[in-house]
1. Could you tell me whether residue 67 is modelled with pLDDT of 50 or more, of a type in the set (Lys, Arg) and either surrounded by fewer than 15 Cβ atoms within 10 Å (Cβ to Cβ) or not in a loop (DSSP other than H, G, I, E, B) (or both)?
2. Any residue at all in the stretch 89-105 that is surrounded by 15 or more Cβ atoms within 10 Å (Cβ to Cβ), of a type outside the set (Asp, Glu) and at positive phi?
3. Kindly evaluate residue 92 against the criterion of being among the β-branched types (Val, Ile, Thr), within 12 Å of the chain's Cα centre (by Cα) and at pLDDT 95 or above.
4. Kindly provide the set of residues from the stretch 75-97 that are hydrophobic (A, V, I, L, M, F, W, C), in contact with a strand residue (DSSP E or B) (Cβ under 7 Å, 6 or more places away or on another chain) and within 22 Å of residue 194 (Cα to Cα), ordered by number.
5. In the stretch 121-153, how many residues are assigned to a loop (DSSP other than H, G, I, E, B) and either free of Cβ contacts under 8 Å to residues at least 12 places away in the same chain or surrounded by 14 or more Cβ atoms within 10 Å (Cβ to Cβ) (or both)?
6. For residues in the stretch 154-187 being under 16 Å from residue 100 (Cβ atoms) and out of contact with any Lys or Arg (no Cβ under 9 Å at 6 or more places or on another chain), which is surrounded by the most Cβ atoms within 10 Å (Cβ to Cβ)?
7. Counting only residues that are out of contact with any Asp or Glu (no Cβ under 6 Å at 6 or more places or on another chain) and of a type in the set (D, E, K, R), which one in the stretch 152-195 is farthest from residue 54 (Cα to Cα)?
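The values are calculated or read from the model by the stated rules, or taken from the named source; none is laboratory data. Source: prediction; values computed, not measured. Virtual Cβ from ideal backbone geometry, glycine too; neighbours counted across all protein chains shown.
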Amino acid sequence: MPIDDESPVNRRQFFKSTFTEIAKTVLEFSGEKGKESPGKRNYLRPPGAVEEGLFNSLCTRCDECIKVCPHQCIRGSDSETDTGARVGTPIIIPKEAACKLCTDFPCIRACKDGALRPVGDIRKVKIGVALIDRRRCLDYAGGQRSPCQQCYSQCPIKDEAIYLEDSRPVVRGEKCVGCGICENACQTVNPPSSIRVLSVTKGL
């Protein structure tokens, strides 16, 4: 989700509000409350998506963004019950396929309805924010002969969005774009993934 005003104050306000919302789901993700609460979103929108309520009013479900995605990362929601998304609207589910952050953003260029808007370069994308469950992460759990670090090695903006501290991955939330590549990579070595990308688009 683009931030219109790039001033430090407004950016701080945006991220403060964003992380307050995300904090409400952290305990659920880490297992403190067990299953997810009904109505929680378990999907992401494509790059450049506007606020969720506006997105649903603008998106005509034309499928153009889905058709042009070269990596088939975007698909239409087929069930509100399963995903929480309006049926037919474009979604990304990282455990299925993460956004590859195409530099030319074909999905945004294909959207004629204004639901996806230009974001500049990949560092301006704000699909979501990654969270690491350190109790399940192999690099934090110990006992590894060699570090896993799959999330770090595959991050498209590593050392910015994810960096290593004592050989363990740490997410820098304000830099994370939420592409979901880390979540997808983690599940290949440690299923189910110990990383979850939570949407930052408001208006559920």
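1. Yes: the conditions hold for residue 67.
2. Yes, that holds for at least one residue.
3. Details: among the β-branched types (Val, Ile, Thr): yes; within 12 Å of the chain's Cα centre (by Cα): yes; at pLDDT 95 or above: yes.
Yes: the conditions hold for residue 92.
4. Taking the stretch 75-97 first, the residues hydrophobic (A, V, I, L, M, F, W, C) are 85, 87, 91-93, 97.
In the following step, the residues that additionally are in contact with a strand residue (DSSP E or B) (Cβ under 7 Å, 6 or more places away or on another chain) were identified as 85, 91-92.
91, 92 - these are the residues of the stretch 75-97 that are hydrophobic (A, V, I, L, M, F, W, C), in contact with a strand residue (DSSP E or B) (Cβ under 7 Å, 6 or more places away or on another chain) and within 22 Å of residue 194 (Cα to Cα).
5. First, pick out the residues of the stretch 121-153 that are assigned to a loop (DSSP other than H, G, I, E, B): 121, 125-127, 133-137, 142-149.
Remaining after also requiring either free of Cβ contacts under 8 Å to residues at least 12 places away in the same chain or surrounded by 14 or more Cβ atoms within 10 Å (Cβ to Cβ) (or both): 125-127, 133-134, 136-137, 142-149.
Residues that pass the stated criteria total 15.
6. So the first thing to find is which residues in the stretch 154-187 are under 16 Å from residue 100 (Cβ atoms), and the list is 154-158, 161, 176-185.
Still in the list and also out of contact with any Lys or Arg (no Cβ under 9 Å at 6 or more places or on another chain): 154-155, 158, 182, 185.
Working: 154: 16, 155: 24, 158: 16, 182: 31, 185: 22.
Checked the stretch 154-187; the qualifying residue surrounded by the most Cβ atoms within 10 Å (Cβ to Cβ) is 182.
7. 166
A quick yes/no check of all residues on (1) part of a loop (DSSP other than H, G, I, E, B); (2) in contact with a Leu (Cβ under 6 Å, 6 or more places away or on another chain); (3) farther than 19 Å from residue 183 by Cβ:
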{"position": "97", "(1), (2), (3)": "yes, no, no"}
{"position": "100", "(1), (2), (3)": "yes, no, no"}
{"position": "103", "(1), (2), (3)": "yes, no, yes"}
{"position": "113", "(1), (2), (3)": "yes, yes, yes"}
